[in-house]
Structures are given as structure tokens and as C-alpha cells.
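Colleague: Let me begin by handing over the structure; questions about it come next.
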Ligand SMILES: [Zn+2]
């Protein structure tokens, strides 16, 4: 009784009447589902604290045997205002929470810290694509599906790397390159792909100083994640769309 926990909203879907179903990542319990009653009524006091990627404190009575908990009240802990004011950042935050919602998490503390740290960086950065690349690489690592970036995945040589192979699972060198199977990549794409897979999320301030990333710089790590996790990121379509407009 009288439980409270800090959460980040991963998914908010309409439920019967004016209710909503909330998938959240809780700092204490990991993934949880809440029924938020009356939240879609215009006068709901909880509505703002329950919108997507908001960080809030949820008050509820824990029923361990139930798959869904009932939300009593929610108070906003941190609002990512600058994310909400920027269409690209908003779409990146949606991808971040969707990926977290759709994977199985093993270590609660690590997952919460990764998402919270990433949203804080996203709020202030001028290089949001680089942050998404780094975040997705960390998610791949958590799922045990991170690509091989220490050399060529076929022969292990460390120089003359020229392509990224989804099927082989990492870098391909010029000797192993097969034009029927592989596509040559720009040096900057290869450089970022290695950086994303090598750096920790706390090292983002060093990465964001390098040239701003485009969507093409993060396409490969996104492809790796979706191919090997089996997750289809539905919110990716919108980011692709606005990246094409620029
Ligand atoms: Zn090779």
C-alpha cells in the first residue's frame, strides 16, 4: 500500500472510456503497466505527467500478482521541454522509448540510467542524431547483438576497412569486400559506426563535438538493431520523413 516509484513513460495508449494504458520503465521495478483512469478527460490532473517520455513519480498500491497496476496520482519530476519544442528531437525521443519498450531488459538500474541520461543529453544537444546512434548501439549491447568493430569480421585485419555488413555482423575490409554483397561506405560513416559501438553513453559530450551526424550516419546501427532484435521501430518512419525534407 502507498507505493511510489519514479518512471519514464514508454508508451501511452487509449483504453476504455477516458482511460489510458501506460507502459513505463520504473527505476525500482523495471517495466510496468498502469491503468490511468480518466486521464483523457480535459480536466485530468495526471495527464501531463503521463505523456510520452515524461519523467514522473507514480503513486499507487502495488498488487504483485496483477499484471496491471492502477495509478492513483502522478507528479512530474522532469519535463523535457526542449525535446517537445523540436520536431527532430521529439521524434528521436519517441524512438528511444519505443526501443526500450520493445526489448527485454535484464538489469533495471542500467536500463533506467541509460534512458534517463540519454533524454537529458537530448534535451540540450545540437547533435541529436549522434545521440540516437550511440543510444541504439548501447541497446544492441544490452541485447547482446552488438556488431564486431575491432577489425574485419571475416579476416580480423584492422586496416582498409571499407564496408559494414549486416549479414556478416560487422566491418568488412577491402580484401573481403564483395561487390555483390557489400556496399562501400564513406569514411565518416565507418568512423561513427565504430564510435557508437565503442563509446559509453556518458562519453556523449566528446562525440557531440565532432561533425553533426545525419540520418545516413546512423542508418547502419538502426538496421543492426532491427535485424537482430526482431523489433520493428514504428516511430522511425517519422524521423526518416523529416530527415528527407532537410
Ligand atoms: Zn577482411
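The values are calculated or read from the model by the stated rules, or taken from the named source; none is laboratory data. Remember, it's a predicted structure, so these values are computed and weren't measured experimentally. In this analysis, Cβ positions are derived from the backbone assuming ideal geometry, glycine residues included, and neighbour counts consider all displayed protein chains.
Colleague: Within the range 163-186, identify whether any single residue is more than 16 Å from the ligand (Cβ to nearest atom), in a helix (DSSP H, G or I), farther than 23 Å from residue 101 by Cβ and modelled with pLDDT under 95, and answer yes or no.
Modeller: Checked the range 163-186: no residue is more than 16 Å from the ligand (Cβ to nearest atom), in a helix (DSSP H, G or I), farther than 23 Å from residue 101 by Cβ and modelled with pLDDT under 95.
Colleague: When you look at residue 147, is it closer than 30 Å to residue 31 by Cα, more than 14 Å from the ligand (Cβ to nearest atom), touching a strand residue (DSSP E or B) at 6+ places or on another chain (Cβ under 6 Å) and at pLDDT 95 or above, yes or no?
Modeller: yes
Colleague: Also, I was wondering about something else. Could you tell me whether any residue of the range 209-218 is assigned to a helix (DSSP H, G or I) and crowded, with 21+ Cβ neighbours inside 10 Å?
Modeller: The answer is yes; a qualifying residue exists.
Colleague: Also, quick follow-up: Would you check if there is a residue in the range 142-163 being closer than 30 Å to residue 57 by Cβ and assigned by TED's automatic domain parsing to the domain that holds residue 227? Spell out the reasoning first.
Modeller: We begin by selecting, within the range 142-163, every residue closer than 30 Å to residue 57 by Cβ; these are 142-143.
From what is left, the residues that are assigned by TED's automatic domain parsing to the domain that holds residue 227 are 142-143.
Within the range 142-163, one or more residues are closer than 30 Å to residue 57 by Cβ and assigned by TED's automatic domain parsing to the domain that holds residue 227.
Colleague: Of the residues that sit in the range 63-92 and are touching a residue at least 60 places away in the same chain (Cβ under 8 Å) and not in a strand (DSSP E or B), which one is surrounded by the most Cβ atoms within 10 Å (Cβ to Cβ)? So that I can check it myself, show each step before the final result.
Modeller: First, the residues of the range 63-92 that are touching a residue at least 60 places away in the same chain (Cβ under 8 Å): 77, 87-88, 91-92.
Cutting the leftovers down to not in a strand (DSSP E or B) gives us 87-88, 91-92.
Details: 87: 12, 88: 18, 91: 22, 92: 26.
Of everything passing the filter in the range 63-92, 92 is surrounded by the most Cβ atoms within 10 Å (Cβ to Cβ).
Colleague: Looking at 118, 111, 70, 94, can you tell me which residue is farther than 24 Å from residue 164 by Cβ and within 10 Å of the chain's Cα centre (by Cα)?
Modeller: Result: 94 is the single residue among 118, 111, 70, 94 that is farther than 24 Å from residue 164 by Cβ and within 10 Å of the chain's Cα centre (by Cα).
Colleague: A follow-up question, please. Look through the range 154-192, keep the residues that are out of contact with any strand residue (DSSP E or B) (no Cβ under 7 Å at 6 or more places or on another chain) and touching a residue at least 40 places away in the same chain (Cβ under 8 Å), and return whichever of them is surrounded by the most Cβ atoms within 10 Å (Cβ to Cβ).
Modeller: Per the criteria, the residue is 192.
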